[in-house]
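A.B. asks: Before we start, here is the structure in question, set down as structure tokens.
The values are calculated or read from the model by the stated rules, or taken from the named source; none is laboratory data. Only a predicted model underlies this, so the values are computations on that prediction, with no experimental measurement involved. Glycine gets a Cβ as well: all are built from the backbone with ideal geometry, and neighbour counts include every protein chain shown.
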Amino acid sequence: MPSKYTPELKARAIELVLHAQGDPDTARGAVSRIADELNISRETLRIWVRTHKESGMSAPTESVDLEAENRRLRKELAESQRANEILKKASAFFAAELELPTQVVVDFIDDNRAHYGASSRSSGCCQTHPPASP
């Protein structure tokens, strides 16, 4: 009979229990709490953890550094939010008028360079090309 739980879920559940049991603040009721969160039978999770401990392995084979992953995801979220803010502001600006004089575009970039960290590629573009007349 095939297992109804994937090996990844089993390893992750064991890892969560071992991590919780290692912290005195979260050790009490760790198996019950994690079993409920993962929608696994408490007894099934107890058996997995006991079998894992009896096997002599200190941690599941697919250990994940939760703090590092959390930092990475927070950084990725911040970058996505920043990109969305830039896109919203730019789309509102360019939706106002489709045919803007070059100097207006350059001024917009210059005004927002400090806040969004735009490169200085636009500097000097109007000196070589005069602004388009409206």
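A.B. asks: Mind listing whichever residues of the stretch 55-65 are closer than 13 Å to L18 by Cβ and modelled with pLDDT of 70 or more?
C.D. replies: S55, M57
A.B. asks: Can you find, within the stretch 66-83, the residue that is modelled with the lowest pLDDT among those that are more than 16 Å from A20 (Cβ to Cβ) and among the charged types (D, E, K, R)?
C.D. replies: Checking each candidate, the answer is E69.
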